[in-house]
Every structure is written in C-alpha cells, then in structure tokens.
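Reading through the structure tokens given below for one structure.
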Ligand code: HXC
C-alpha cells in the first residue's frame with residue numbers, strides 16, 4: 001500500500017510535463033531534462049532532491065518537481081551538483097518551488113565544495129507567480145556571486161532561455177550552447193519588433209553562433225546536446241572541485257629529447273614581420289598530447305585561450321593569434337583574455353602565455369568603445385593573478401601590449417623569449433618615422449634607402465630580446481625547439497608557489 005503510493009507519486013514526477021509539451025520537445029530532437037542529467041553524470045550516481053516538491057494550493061497542487069530536476073552526483077567519480085530545467089513543465093519557468101530547489105542545490109555545491117552545472121531551458125520568470133519569481137532570480141544571482149571563484153559554475157543552454165533565465169548563466173564561469181536548438185536573449189524578437197521596430201530572427205538575435213562569435217556570452221558551441229555534455233565533462237577534468245584544491249593531475253610519461261614537432265618550432269616564425277602563422281602549432285608542441293580545450297574559440301580569434309596539461313598538470317594557455325588581426329589586442333580580445341586569466345587564477349591553474357602582438361588595435365571605433373577602460377582589464381587580471389605565470393615571447397612584443405601580455409613587470413615568474421623576439425616600443429618602420437622625420441625629409445630622393453638603413457639599424461639594436469635579457473626582464477633567450485622542455489621545467493619549479501592574497505575586500509577592476 002505504502003509502496004504503491006510512493007510509486008504513484010514518483011511515476012507522476014517522471015511524467016510531469018504535459019503530453020503535448022513532451023511530444024513537441026521530442027519532435028525538436030531534444031533530450032528531456034532528466035535524460036540530460038543522466039547523460040552527464042556517472043551511471044547510477046544521481047541523488048535527486050525534491051523530486052516530490054510541488055507548488056500551489058493543497059487542493060490544486062502543481063506538477064511534482066515544479067519544472068526542475070535537482071541533485072548531486074558524480075562525473076568521473078568526482079562530486080558535482082546539478083540542476084536541469086524542464087521546459088515541458090510550465091516552460092521551465094522560475095517560480096517559488098522551482099527557485100527554492102535551485103537555491104538549495106547552489107548552497108549544497110558551496111557547502112560540499114564541488115562544481116555546479118546548470119542545464120537551462122526556461123521562459124524566465126513565471127508570470128503567474130509575479131514578484132516571487134523575480135525574487136528567486138535575484139536570490140539565485142546572489143548564490144552565483146557567492147559561489148563565484150569558490151566552485152566552478154558551468155551553464156548549458158539547452159533550449160530557449162529568455163528574460164531572467166539568462167542572468168544566472170551569465171554569472172557562471174563557462175556558458176555552453178547547442179547549435180541551432182538553443183538561444184538566449186533578454187528581450188525576444190516579438191517585443192523588439194513592437195518596441196524598437198527592429199526585425200530580427202531568433203537565431204540572429206540569440207542563437208548559439210551569435211552569442212559565441214558576436215556578443216561573447218557563450219564560451220563553446222556544441223553540435224548537439226551529447227557533444228555539449230561531453231565537452232562539460234572534459235572541461236571539468238581540468239578543474240579542481242573548488243578553489244582550495246589544486247587541479248587534478250594525470251599520469252604523465254616524459255617525452256625526452258626534441259620531437260619533430262619541437263624541431264618544427266625552429267622554423268615556424270616567418271622571416272617577414274607581417275606574415276601570419278598559427279600560434280596553435282606552438283601550443284600543440286608544448287602541451288601534453290598536443291591537446292588544447294579552447295574556450296571562447298569563436299569570439300575574438302585574435303587571442304587564443306584554452307586549457308591544456310603540461311607534464312600531466314592542468315594549465316591555462318593564453319596566446320596572441322597572428323592569423324587574426326595580426327594578433328593585435330582589441331577590446332574583445334582583452335576582455336576575453338582578462339576573464340580567462342581571472343578564471344585560471346581563481347582555480348589555481350598556472351597561466352602559460354605566448355606573445356606575438358603588434359600592440360593595441362588603433363582606431364576611432366576602438367577608442368570610442370573604451371579600449372582604455374576595457375583594455376585595462378587584461379593588465380589588471382595579469383597583475384592580480386597569483387598563480388604561477390610563465391610567458392614566452394615568440395616574435396612581436398610591442399608597446400603596451402608587451403607590458404600587458406604576462407610581462408615580468410606584472411609579476412610573471414618566468415619569462416622566456418625566442419631569438420626571433422622583437423621586444424620594443426614599436427615596429428621598425430613606425431619608429432624610424434617618429435625618430436627621423438626631419439632626416440628623411442632632407443634625404444630627398446635618397447629617402448627610401450636612408451629609411452631602409454635606419455630601420456635595419458633599429459631592428460639590430462632595439463628590436464631584439466637581448467636588451468630585455470640584459471636587464472632580467474627576460475630570464476632566458478631559448479631555442480624554439482627547447483620550449484616544451486623549458487616550460488615544463490619552469491612549471492615544475494613553480495608548482496609549490498604560494499602567494500598570499502592582499503588583505504582587502506576586493507580590487508576594483510575597470511568593468
Ligand atoms: C509562465 C511560461 C513562461 C513564463 C513560457 N511559458 N514562458 N509560463 N511563465 N515566463 C509557458 C507557455 O505558456 C507554454 O505553456 C509553455 O511554457 C511553452 O511555451 P511556448 O511559448 O509554447 O514555447 P516556445 O514557442 O518555444 O517559446 C519559448 C519562449 C516563449 C520564447 C521562451 O515561451 C516566451 O516568450 N516566454 C515568455 C518569456 C518572457 O517574457 N519571460 C519573462 C521575462 S521577465 P503551455 O501551457 O501552452 O504549454 C524576467 C525577469 C527576471 O524573466 C528578472 C531577473 C533579474
């Protein structure tokens with residue numbers, strides 16, 4: 001009898017969504033909220049909470065679970081907390097019971113010191129619950145902020161996310177979207193059409209690609225839900241469970257000597273300054289198994305950020321990418337990298353930086369959009385980070401960008417440079433124009449030859465890594481093919497680095 005009632009209630013909880021809504025969901029080729037959780041977690045590890053919670057008056061209670069599945073489980077044997085919104089129940093909208101369940105999950109994650117993964121598919125604040133639903137969004141935001149930098153917070157956008165449903169993900173560390181089946185925006189196309197007159201499709205406004213490549217709200221676009229969940233599992237393999245732990249190391253078999261990939265670095269940098277090459281080739285040669293989990297890959301491709309391992313230990317990699325905008329730092333690139341460096345610092349991931357940067361991107365648009373204020377974030381992030389910082393200058397390190405990209409002066413622990421490094425205030429042509437304008441004007445028709453000689457002299461004397469090495473700004477000038485060995489040795493030596501945080505409430509990063 002007692003067992004019968006339990007089975008009846010549990011069965012109702014498993015069929016909480018209306019048949020029509022479930023059919024529509026299935027027809028769109030989507031996993032159910034529960035299937036996503038089961039896919040993500042280790043088999044049989046889900047310990048569901050509040051499955052039988054419901055909202056509403058005693059004589060007219062709402063569906064069991066109130067549109068969200070919550071609980072704890074494990075991924076690769078490591079504890080996590082998870083919540084997954086069920087769009088087939090009241091559009092996955094945020095109401096009182098729904099909110100209470102999520103807050104409990106967030107509090108549990110902080111108490112246990114484990115990552116929290118949110119799977120979001122929601123119409124936002126539950127309209128029929130009025131201010132209560134708004135209150136729960138604010139409460140959730142407060143929980144996200146409290147958990148920020150304490151435990152990793154990963155959000156998967158698995159379908160529509162509108163209104164308040166986008167702000168909790170925005171406060172999390174990493175946002176993953178599913179191509180073509182997920183979207184997020186604060187205000188949807190219908191409202192835009194009537195309020196601002198703008199005509200835009202759902203996909204153009206809030207699809208995965210728009211959020212990944214244009215606004216930068218999304219850090220990874222997955223082909224489908226399974227790939228998204230797999231990517232999250234892989235991401236977590238690089239992260240500690242909380243900020244008090246070190247990232248998990250994996251067994252590592254040393255690769256002695258110089259491999260073909262190492263040797264290829266000796267000839268990678270082109271002779272011509274303005275010729276591009278793929279900095280990912282350098283990263284591949286240095287990190288274990290040539291594996292880099294890129295984060296924010298579609299946004300600001302002029303800087304590459306990602307997670308990798310060196311000698312089995314996770315690191316965060318930041319690298320200028322000469323293939324895009326010559327690797328110049330623009331607003332998007334500096335914000336992308338600043339956020340990534342702070343993420344690494346919060347979770348004890350050493351920062352490995354590869355530099356080939358002609359400077360901050362010049363231009364009226366960049367100045368007006370705030371390259372000063374926004375570009376300063378990267379300087380703030382590097383200066384503030386207390387994790388081990390290893391920097392390798394590959395080619396250009398000009399001007400402010402030299403200073404910002406993990407220089408010794410911002411507290412880097414080990415700074416290496418290739419012989420091809422050009423550490424200088426600016427490039428040769430530009431420098432000669434500033435320093436020798438009068439002489440060039442007087443040279444008349446000899447001006448091109450004079451300019452060439454002056455540029456050559458500038459290159460030889462001022463655009464080398466040796467002036468920096470003489471002052472200790474660069475610890476060593478190394479053969480490119482020895483980079484893997486040198487970086488490995490540096491990170492090994494720095495693995496015991498501890499730097500106490502400054503006693504204050506918090507810094508004031510220029511937001
Ligand atoms: C209650 C909601 C809901 C909501 C959707 N539903 N959103 N119920 N509150 N916010 C219900 C629908 O009534 C419908 O119920 C079911 O969920 C599925 O919704 P559809 O509209 O049929 O789905 P779809 O066509 O896919 O459209 C998805 C959508 C749309 C774009 C998300 O539902 C929508 O525009 N919803 C409203 C979005 C919104 O304005 N939210 C409030 C924002 S204000 P039935 O019974 O028909 O199946 C906000 C402020 C928070 O969130 C501030 C925090 C700081």
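FYI, it's all coordinate maths here, none of it is from the lab. None of these values were measured; they are calculated from a predicted model. When we count neighbours, we look across all protein chains shown, and the Cβ atoms used for this are built from the backbone with ideal geometry, even at glycine.
What would the Debye formula give as log10 I(q)/I(0) at q = 0.09 Å⁻¹ for the alpha-carbon point model of the chain, no solvent?
Summing over Cα pairs of the chain leads to -0.70.
Just to confirm my numbers, what's the Cα centroid distance between region 7-46 and region 182-202 in Å?
29 Å
Once fully extended, how much extra length lies between residue 467 and residue 450, figured as 0.36 nm per residue of separation less the alpha-carbon to alpha-carbon distance? If you can, show how the numbers build up before the last one.
Values: separation 17, 0.36 × 17 = 6.12 nm, distance 2.45 nm.
Full extension from residue 467 to residue 450 adds 3.7 nm.
Could you list 143, 498, 342, 111 in order of exposure, starting from the residue whose Cβ has the fewest other Cβ atoms within 10 Å? Working shown, then result.
Values: 143 22, 498 5, 342 19, 111 10.
Neighbour counts put them in this order, fewest first: 498, 111, 342, 143.
Taking every pair of Cα atoms in region 372-511, average 1/r, invert it to obtain the Kirkwood radius, and report Rg/Rh to two decimals. Write out the running numbers ahead of the final one.
Details: Rg = 18.9 Å, Rh = 17.2 Å.
Here the Rg-to-Rh quotient is 1.10.
Note the angle between two axes, namely the Cα long axis of helix 371-384 and the longest principal axis of the Cα atoms of the chain, as a number of degrees from 0 to 90, rounded to the nearest 10.
On a 0 to 90 degree scale, this one is about 90.
So between residue 198 and residue 27, what do we pick up on full extension, going 0.36 nm a residue minus the alpha carbon distance? Please report the intermediate quantities before stating the final value.
On the way: separation 171, 0.36 × 171 = 61.56 nm, distance 3.01 nm.
58.6 nm is the gain from fully extending residue 198 to residue 27.
Would you please report the Å³ per residue occupied by the convex hull of the alpha carbon atoms in region 1-112?
On the way: hull volume 13.7 nm³, N = 112.
Convex hull of Cα atoms, per residue: 122 Å³.
Could you compute the FRET efficiency for residue 179 and residue 59, with r as their C-beta to C-beta distance and R0 at 41 Å, rounded to 0.05? Don't skip to the end; give the middle numbers.
Numbers: r = 45 Å, r/R0 = 1.09.
Once rounded, the FRET efficiency stands at 0.40.
Give the Cα extents of region 67-154 along the principal axes, in whole Å, largest first.
Its Cα atoms span 39, 25, 16 Å along the three principal axes.
Going 7 Å from the Cα of residue 443 along its beta-carbon direction, which residues of region 246-290 have the amide nitrogen within less than 20 Å of the resulting point?
Within reach of a label on residue 443: 273-274.
Alpha carbons only, please: Rg and Dmax for region 245-357, in angstrom.
Just the Cα atoms of region 245-357 yield Rg and Dmax of 14.5, 45 Å.
In angstroms, what radius of gyration and Dmax does region 154-261 have, counting Cα atoms only?
Taking only Cα atoms of region 154-261, I get Rg and Dmax of 18.5, 66 Å.
Work out the FRET efficiency for residue 260 and residue 289 from their Cβ-Cβ distance, taking R0 = 22 Å, and round it to the nearest 0.05. It would help to have the intermediate numbers written out before the result.
On the way: r = 15 Å, r/R0 = 0.67.
Efficiency, from the Cβ-Cβ distance: 0.90.
Where q = 0.15, 0.16 Å⁻¹, what log10 of I(q)/I(0) comes from the Debye formula for region 179-242, counting one point per Cα?
Normalising to I(0) and taking log10 leaves -0.56, -0.62.
For the Cα atoms of the chain, what angle does the longest principal axis make with the long axis of helix 483-493, in degrees from 0 to 90, nearest 10?
On a 0 to 90 degree scale, this one is about 60.
Would you work out the Kirkwood radius for region 341-399? I mean one over the mean of 1/r across all pairs of different Cα atoms, in Å. Provide the component values of the computation, followed by the final result.
Details: mean 1/r = 0.0774 Å⁻¹.
It is 12.9 Å.
Pop the C-beta distance of residue 186 and residue 479 into the FRET formula with R0 = 41 Å and round what comes out to the nearest 0.05.
Working: r = 52 Å, r/R0 = 1.26.
Result of the calculation: an efficiency of 0.20.
Rank the residues 506, 324, 98 as a footprinting-exposure proxy: fewest other Cβ atoms within 10 Å of their Cβ go first.
On the way: 506 8, 324 17, 98 30.
Ascending number of Cβ neighbours within 10 Å: 506, 324, 98.
Output the 0 to 90 degree angle, nearest 10, between the alpha-carbon long axis of helix 96-112 and the longest principal axis computed from the alpha carbons of the chain.
On a 0 to 90 degree scale, this one is about 50.
If you count, for each residue, the other Cβ atoms within 10 Å and average over each peptide, how do 123-134, 441-452, 158-169 line up from highest to lowest?
158-169, 123-134, 441-452
Could you check the spin-label model distance between residue 425 and residue 145? Points 7 Å from the Cα along Cα→Cβ, value in nm.
Distance between the two pseudo-spin positions: 4.4 nm.
Put a dot 7 Å past each Cα toward the Cβ at residue 226 and residue 368; how far apart are the dots in nm?
In this crude label model, residue 368 to residue 226 measures out at 4.9 nm.
Suppose each label sits 7 Å from its Cα in the direction of the beta carbon; what would the residue 505-residue 434 distance come out to in nanometres?
Going by the 7 Å Cα→Cβ label model, 3.9 nm.
Output the relative contact order of region 7-162, whole-number percent, from Cα pairs under 8 angstrom with separation of 6+ residues. Walk me through the numbers on the way to the answer.
Details: 290 pairs, mean separation 31.3, N = 156.
RCO, region 7-162: 20 percent.
Determine one quarter of the surface area of the Cα convex hull of region 121-185, which equals its mean projected area, and express it in nm² to one decimal. Walk me through the numbers before you get to the answer.
Details: hull surface 16.8 nm².
Average projection, Cα convex hull of region 121-185: 4.2 nm².
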